[in-house]
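A.B. asks: If you scroll down you'll find the structure; I have some questions about it.
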Amino acid sequence: MNGVLLSTIAFIVAIGVLVTVHEFGHFWVARRLGVKVLRFSIGFGKPLWSRRFGTDDTELVVAAIPLGGYVKMLDEREGEVDAAERHRAFNRQSLSTRIAVVTAGPLFNFLFAIAAYWLMFVSGVPGLRPVIGELIESSPAQQAGFMPGDEIRRIKDRPTSSWETAILALLDAGLDEQASFEVGVRDPQGTDRLVRVRLDGSTRLLDKGGVLENFGIKPWRPVYPAIIDRLLAGGSGEQAGLLAGDRVVAADGETMKDWNQWVDYVRARPGRTIVVQVQRGDELLDLELTPQAAQDKGETVGRIGAYVRLPDADQHATMRVVVRYGLLEAVPAAFGKTWEMSTLTLRTLWKMVSGKASVENLSGPISIARYAGQSAAIGLAAFLGFLAIVSVSLGVLNLLPIPILDGGHLMYYLIEMLKGSPVSEAAQMFGQRVGIVLLLLLMSLAFYNDLARLFE
């Protein structure tokens, strides 16, 4: 399936599911506590489909803009209410009922994340062992004493069975100021040792580039000999006389150790003639080729239309891991994972607000759609993990004390509890305007980051 189409479908499915879960939380609790619900809308804007159901004739709507949803309840502040139904109006409910209804949306997002993680753990989570390939010169990782080939076994007290768990554990440990922690590693000979990591304020793991790169680690990747498997018809490689089975020995006199080095060499020379030495059977031949210029994420790179020959023995096989839990074991694991992601999200947000982490970490709908498509292409476990992370993010963000969000309403209710009377309508209207401005700024920044990633 086309990548853009897959991303679009996965994004719509993901947002549709998560918004429905969130709004169903408000709807279900409101109904159970006697509040009349007038409309349950998935999406905003013009209705594409609607039906009425239940004794209250509640309108179910699917709207055109799939970026949210809402539950409209009977409320005297939004119109005249029949005297016989005033006891069912939201504004007439007790403080505890209103708090329960508002809290239910984020709570259902957390419950959904727990269910998704449980199913993910039961079905098995594939990954790659966290083996270090290279270290960046003068980086915190190199200074700490890591070595190429080391496998990261644990960070602090947390086992790290895959790169995903290692990255999260590293981020969690490194979010503290002046962080100092131990990392357990195993070298290629099977010897275990401890590495003491010390991060000062200058190391910002959440800056542009990603956690591993900022820490100074490049994951292991398979080393393939520079042997051509096939050539693209009409490509500059075919035009230069390269054949399937040729092994690239050198380029402009520089020895090519593997396919990755050869690819990097070609990419860096668009439109420039390269003298390539290849081994063809028992012969060494010198050929001249000129990589065609192509665009890759806004950068001009060289391409020759050649594909690598993969070795018979799959080097990935020994690096693959699958983390799987039993039906009961997966329950505490799912609760723990949801709690971990919730606290990590809050700490990361605080770092961004305080200026100690880059706001480039914010993602908008374009990036979310790309991640949705990528995770869906990998498999069920990856897509479930993606849904769980986004669901946790929605839950956490909606609980922030920003007017117009659920957390803003809870802030008003807390003030009401302390002062003994509701916040004035004038104050609430002012808060709504402030909240709208804040959300628009946040969305604009997220869209800007999305566009910057597309063209970087």
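A.B. asks: What is the range 347-456's relative contact order, in percent, from Cα pairs under 8 angstrom and six or more apart in sequence?
C.D. replies: Details: 69 pairs, mean separation 34.0, N = 110.
Relative contact order here is 31 percent.
A.B. asks: What are the extents of the Cα atoms of the range 88-195 along their three principal axes, in Å, largest first?
C.D. replies: Extents along the principal axes: 70, 37, 22 Å.
A.B. asks: For the chain, what is the calculated [θ] at 222 nm in deg cm²/dmol (nearest 500), taking -39500 (n - 2.57) for each run of four or more DSSP H residues and dividing by its residue count?
C.D. replies: -14500 deg cm²/dmol
A.B. asks: Going by a ≥ b ≥ c, the root eigenvalues of the Cα gyration tensor, does the range 1-105 fall in the rounded group (a/c under 1.5), the prolate group (a/b larger than b/c) or the oblate group?
C.D. replies: The shape class here is prolate.
A.B. asks: Here's another thing I want to ask about it. Select from the range 15-91 those GluC sites (Glu not before Pro) which occupy a DSSP coil region and have at most 13 other Cβ atoms within 10 Å, ordered by residue number.
C.D. replies: Passing sites in the range 15-91 are Glu80.
A.B. asks: Find out how many positive minus negative residues lie around Gly305, taking Lys and Arg as positive, Asp and Glu as negative, among other residues whose Cβ is under 11 Å from that of Gly305.
C.D. replies: +1
A.B. asks: If you take the charge dipole of the range 11-94 about its Cα centre, with +1 on Lys and Arg Cβ and -1 on Asp and Glu Cβ, which of Ala84, Ser94, Val13 is farthest toward its positive end?
C.D. replies: Value: Val13.
A.B. asks: Let me ask another. Let's see if you can work this out: charge +1 on each Lys and Arg Cβ, -1 on each Asp and Glu Cβ, no other charges. What is the dipole magnitude of the range 228-308 about its Cα centre, in debye to the nearest 20?
C.D. replies: So the magnitude is around 260 debye.
A.B. asks: State the Cα centre-to-centre distance between the range 384-456 and the range 214-291 in whole Å.
C.D. replies: Rounded to whole Å, the Cα centres lie 52 Å apart.
A.B. asks: Same structure, new question: Would you mind putting 112-118, 24-30, 261-267 in packing order, based on average other-beta-carbon counts within 10 Å, highest first?
C.D. replies: Ranking the peptides 112-118, 24-30, 261-267 by packing returns 112-118, 24-30, 261-267.
A.B. asks: Can you give the charge dipole size of the range 179-291 about its Cα centre, rounded to the nearest 20 debye, using +1 on the beta carbon of Lys and Arg and -1 on the beta carbon of Asp and Glu? Mind showing how you got there, number by number?
C.D. replies: On the way: 15 positive and 17 negative charges, 113 e Å.
Magnitude of the dipole: close to 540 debye.
A.B. asks: Would you compute the Debye intensity of the range 217-276 from its alpha-carbon atoms alone, equal scatterers and no solvent, and pass along log10 I(q)/I(0) at q = 0.30 Å⁻¹ to two decimals?
C.D. replies: Debye output, listed in q order: -1.49.
A.B. asks: Let me know the number of lysine pairs in the chain closer than 27 Å at the Cα, not counting same-chain pairs under 8 apart.
C.D. replies: 21
A.B. asks: Taking the C-alpha atoms of the range 24-175, how large are the radius of gyration and the largest Cα-Cα span, Dmax, in Å?
C.D. replies: 24.9, 75
A.B. asks: Give the relative contact order (percent, whole number) for the chain; include only Cα pairs under 8 Å separated by 6+ residues.
C.D. replies: RCO, the chain: 17 percent.
A.B. asks: When the Cα centres of the range 95-153 and the range 33-85 are compared, how far apart do they sit, in Å?
C.D. replies: The two parts, judged by their Cα centres, are 36 Å apart.
A.B. asks: Can I ask one more? Seen from all sides and averaged, what is the projected area of the convex hull of the Cα atoms in the chain, in nm²?
C.D. replies: On the way: hull surface 112.0 nm².
For the Cα atoms of the chain, the hull's average projected area reads 28.0 nm².
A.B. asks: State to the nearest 20 debye the size of the charge dipole of the chain about its Cα centre, where the only charges are +1 on K and R beta carbons and -1 on D and E beta carbons. Don't skip to the answer; put the middle values down first.
C.D. replies: On the way: 46 positive and 48 negative charges, 246 e Å.
It works out to roughly 1180 debye.
A.B. asks: Please report the relative contact order for the range 228-308, taking Cα pairs under 8 Å with a sequence separation of at least 6, and give it as a percent rounded to a whole number.
C.D. replies: 38 percent
A.B. asks: If you don't mind, another one. List the GluC sites (Glu not before Pro) within the range 128-170 that DSSP assigns to loop and that have no more than 13 neighbouring Cβ atoms inside 10 Å.
C.D. replies: Passing sites in the range 128-170 are Glu137.
A.B. asks: Which FRET efficiency value, to the nearest 0.05, is calculated for Lys419 and Glu340 with the Förster distance at 30 angstrom and r the Cβ-Cβ distance?
C.D. replies: On the way: r = 36 Å, r/R0 = 1.22.
The value I calculate is 0.25.
A.B. asks: A follow-up question, please. Write down the Kirkwood hydrodynamic radius of the range 319-440, to one decimal in angstroms, obtained as one divided by the mean of 1/r over all alpha carbon pairs.
C.D. replies: 17.3 Å
A short reminder: the numbers here are calculations on the coordinates, not readings from a lab. The structure displayed is predicted, hence computed values, not measured ones. Neighbour counts run over all protein chains shown; Cβ positions are idealised from the backbone, glycine included.
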